[in-house]
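Notes to accompany the following structure.
The values are calculated or read from the model by the stated rules, or taken from the named source; none is laboratory data. Quick caveat: nothing in here was measured; it's all calculated off a predicted structure. Cβ sites come from the backbone with ideal geometry, for glycine too, and all protein chains shown count toward neighbours.
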């Protein structure tokens with residue numbers, strides 16, 4: 001599968017299927033080589049950002065926002081070749097969405113308050129010295145800004 005095809009498909013799917021597809025794609029591209037906990041943490045950052053509304057209203061808008069997540073950074077011709085990793089990413093994305101749909105006090109949060117993450121071997125952003133929430137695998141999760149759900 002090519003990234004541009006996946007994003008096109010997400011553009012014609014109804015919600016919430018499109019959001020699940022975009023989150024799965026993000027987990028695959030950002031964290032397919034990470035543990036399930038690491039993938040859940042990446043999903044949590046994306047879901048927290050979606051709740052805030054600062055990067056868009058849908059998950060697809062959030063993960064394709066300029067210079068934020070891999071679907072908006074890598075070449076649209078990128079191929080997703082690892083079927084096992086894709087299957088794991090889909091499962092974790094759906095489980096993460098179900099968890100995030102729970103009331104805030106009932107959710108299992110892995111990286112509470114994390115608004116950003118970085119892969120040590122790839123990125124060195126200006127905000128890399130923000131408050132570190134956790135390091136899982138080769139990703140560090142940070143609270144660069146306090147995100148609040150819309151309307152709160």
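Only one of the listed residues (32, 37, 66) is farther than 19 Å from residue 113 by Cα, surrounded by fewer than 24 Cβ atoms within 10 Å (Cβ to Cβ) and modelled with pLDDT of 95 or more. That residue is 32. Across the range 10-36, the qualifying residues are those that are closer than 14 Å to residue 97 by Cβ and part of a loop (DSSP other than H, G, I, E, B), and the one among them that is farthest from the chain's Cα centre (by Cα) is 15. Note on the range 72-98: among residues that are closer than 18 Å to residue 16 by Cα and touching a residue at least 60 places away in the same chain (Cβ under 8 Å), the one that is surrounded by the fewest Cβ atoms within 10 Å (Cβ to Cβ) is 94.
Inspection of the range 120-132 finds a residue satisfying the criterion of being under 23 Å from residue 2 (Cα atoms) and surrounded by fewer than 17 Cβ atoms within 10 Å (Cβ to Cβ).
Each residue in the range 34-61 was checked for being within 22 Å of residue 75 (Cβ to Cβ) and without any contact (Cβ under 8 Å) to a residue 40 or more places away in the chain, and 4 of them qualify. Looking at the range 102-119 only, could you name the residues that are out of contact with any strand residue (DSSP E or B) (no Cβ under 8 Å at 6 or more places or on another chain) and surrounded by 12 or more Cβ atoms within 10 Å (Cβ to Cβ)? Residues satisfying the conditions are 107, 109.
Here residue 7 fulfils each of the conditions (1) in contact (Cβ under 8 Å) with a residue 60 or more places away in the chain; (2) in a helix (DSSP H, G or I); (3) under 14 Å from the mean Cα position of the chain (by Cα) apart from (3). Within the range 137-148, identify whether any single residue is under 20 Å from residue 19 (Cα atoms) and surrounded by 16 or more Cβ atoms within 10 Å (Cβ to Cβ), and answer yes or no. So far as the range 137-148 goes, yes, one or more of its residues are under 20 Å from residue 19 (Cα atoms) and surrounded by 16 or more Cβ atoms within 10 Å (Cβ to Cβ).
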